[in-house]
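> One structure follows; several queries about it will come next.
Read-outs throughout are calculated quantities, based only on the coordinates presented, and are distinct from any laboratory measurement. In this text, all values refer to a predicted model and were calculated from it rather than measured experimentally. Glycine also receives a Cβ, built like all others from the backbone with ideal geometry; neighbour counts cover every protein chain displayed.
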């Protein structure tokens, strides 16, 4: 247990962590916390120090250990770790609900809110108390004993289902391969990807190349391979993963799990007084009611659809003229779009790849945040990691004082969950002894690793992804909130949590920034201005179709959580009548891998990406109005947004920064969808 129970400020010694230590450590913490809770509930003199501080201390110890376990489960999965994780998860859920259902504790916090001492608490402390009381009610503290037991059983079931959903997606993705003995069939692949397919073949002792469903390979095949039959096979395999339609093993089918997840969520929401899970979800978000979200998405649909229709007509005309294709299928869209973009803008993502070696991109990114926010990012070589490719960095102020730190895990590999994300391991806060605890984050991506000693090279799209996740890191690491429940991304309304990450993406399109982050891996020259101009010109290429896809995701998520007995496929088919300009094949089951809502935290909240993008686009316009790389505006953004975490309502923080509420026109301008554009 020694290596999981760490002292404050120490880094996890990953190489010394033994899986067998995990469950005993969790058990020991839960036992100790329960004893402390029993003593706490006997306290007569209710105050911040006697009630709130002990709760925070117990939560922090458990959260840090469990964050480490869930992180390893995502990036270094194994049969043994899965078993341990799945044994520990119900224990964590049960304990958490014991706290949330503890009426004695609930009444003590109510008493604290009503006490004279409450007025003497600072704003952060008062806000935490308000949040706690809200969350007690959302967890069912006022329910009968029988209903509390039911709520606990439902929550445990939900966590188990969500975990199984994610494991099925990972296993189904890794279970499928396609052997291509003749490498000429893949000759159009970008060289790094082509080498990776050969490497995959060697690992399996096969000839030629092996295609997998890891996203870098899948995306490259769909975008560049001219052999339509290969694209169709890849598309079929990718869109039927973990479903009843897969041609490989059906043991990973998520159909039943998805229906059960929706059923459990609806029951939980109704137990605590909501009609549906949408209403329950919005209790902690900026949007006030489901109709607000539906109106937001449907109004965007009206703005985006005419542009998307026009884009598709142009693509159809191009495909017919250049390729003799009379009907574009779902597995053709990426390929023809890439060819169209190349023909009309003389631009290709792969053309940019040599200019974005990942080390130089990171160097430029760190230089940018230094210019904007006055922070310094320094790599440290002494930290233990969970994989040889993982790196560790510190963020310091100009006096070399530590602000926070983060690990980067950049490359796709076996037993690692797909996608890109930021996870927090340790949160900025003030400890009971008065010391400040420095925060730690995990920044995870799934880029293609270097092959044959060539540096890992990113497309511009991948650069945008890296900036996005680092925006989340900054939100977590630059916090100055002293209460952990509101520090970093904690306590931030979920439909605003993407604001800082999407905000940072915008800099990837600015000339001055691209000059900093680009350097040809051979010539060391930055991206040529002529190529840069083509990149910017193509910025909003097929923006309408992209928005339609996002709106489709958002509407599906919100509608299946709104209806009493949803038929997921039927609802999706209805939505697609308005959003899918190219019909999806009947076998398409993308929803079976929709991890954001069935495994992650975006249930009844996927609309948040577009909602928060209104904030990010509007905020970025403030930088555009003052020279983009503007330290004065950057400092204001840092102090009013990044440092504040969840200490204020997101709308109030935005208005403090911008001087007014956000305008949806900023989002439309960003995508080139205003009338003058």
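> I'd like the distance separating the alpha-carbon centroids of the range 157-216 and the range 518-553, in whole Å.
Each part's Cα centre sits 26 Å from the other's.
> OK, next. Taking every pair of Cα atoms in the range 354-539, average 1/r, invert it to obtain the Kirkwood radius, and report Rg/Rh to two decimals. Walk me through the intermediate numbers first.
Values: Rg = 17.0 Å, Rh = 17.4 Å.
Result for the range 354-539 is an Rg/Rh of 0.98.
> Which order do 305, 453, 480 fall in if you start with the one that has the fewest other Cβ atoms within 10 Å?
If I rank by nearby Cβ atoms, fewest first, I get 453, 480, 305.
> Tell me, how many Å apart are the Cα centres for the range 308-366 and for the range 423-501?
30
> Rounded to the nearest 5, what is the percent of antiparallel bridges among the DSSP beta bridges in the range 354-539?
Working: 19 of 25 bridges.
Roughly 75 percent of the DSSP beta bridges within the range 354-539 come out antiparallel.
> Hey, what's the Kirkwood Rh for the range 329-457 if you take every pair of different alpha carbons, in angstrom? Let's see the in-between values first.
On the way: mean 1/r = 0.0566 Å⁻¹.
Across the range 329-457, the inverse of the average 1/r is 17.7 Å.
> Right, here's the next one. Nearest 10 degrees, 0 to 90: what angle lies between the long axis of helix 19-40 and the longest principal axis of the chain (Cα atoms)?
40
> Also, I was wondering about something else. What is the ratio of the Cα radius of gyration of the chain to 2.2 N^0.38 Å, with N the residue count, to two decimals?
On the way: Rg = 25.2 Å, N = 677, 2.2 N^0.38 = 26.2 Å.
The value comes to 0.96.
> Just report the Cα centroid separation between the range 262-307 and the range 616-650, whole Å.
What the calculation gives is 28 Å, centre to centre.
> So, one more: Determine, for 14, 442, the number of other Cβ atoms within 10 Å of each Cβ, and report the residues in order from fewest to most. Kindly include the intermediate steps, with their values, before the conclusion.
Working: 14 18, 442 23.
With the fewest neighbours first, 14, 442 line up as 14, 442.
> Applying a 10 Å radius around every beta-carbon, put 574-587, 342-355 in order of their mean neighbour count, most first. List each step's numbers first, then the result.
Numbers: 574-587: 15.3, 342-355: 18.0.
The peptides rank, most packed first, as 342-355, 574-587.
> Same structure, new question: List the relative contact order of the range 176-252 as a percent without decimals, with contacts defined as Cα pairs under 8 Å and 6+ residues apart.
29
> For a quick check: sort 651, 410 by the number of other beta carbons within 10 angstrom, fewest at the front.
651, 410
> What is the packing order of peptides 489-501, 173-185, 35-47, taking the mean over residues of other C-beta atoms within 10 Å and listing the highest first?
489-501, 173-185, 35-47
> Write down Rg/Rh for the range 65-178, rounded to two decimals, with Rg from the C-alpha atoms and Rh from the Kirkwood relation over Cα pairs. If you can, show how the numbers build up before the last one.
Numbers: Rg = 19.1 Å, Rh = 16.8 Å.
Over the Cα atoms of the range 65-178, Rg/Rh equals 1.13.
> Using only the alpha carbons of the range 176-252, what is the convex hull's orientation-averaged projected area in square nanometres?
4.9
> Mind ordering 158-165, 518-525 by average Cβ neighbours within 10 Å, highest first?
Result, highest mean first: 158-165, 518-525.
> Report relative contact order for the chain in percent, whole number only (criteria: Cα-Cα under 8 Å, sequence separation at least 6).
15
> Distance from a point 7 Å along Cα→Cβ of residue 451 to each backbone N in the range 331-365: keep the residues under 14 Å and list them by number.
none
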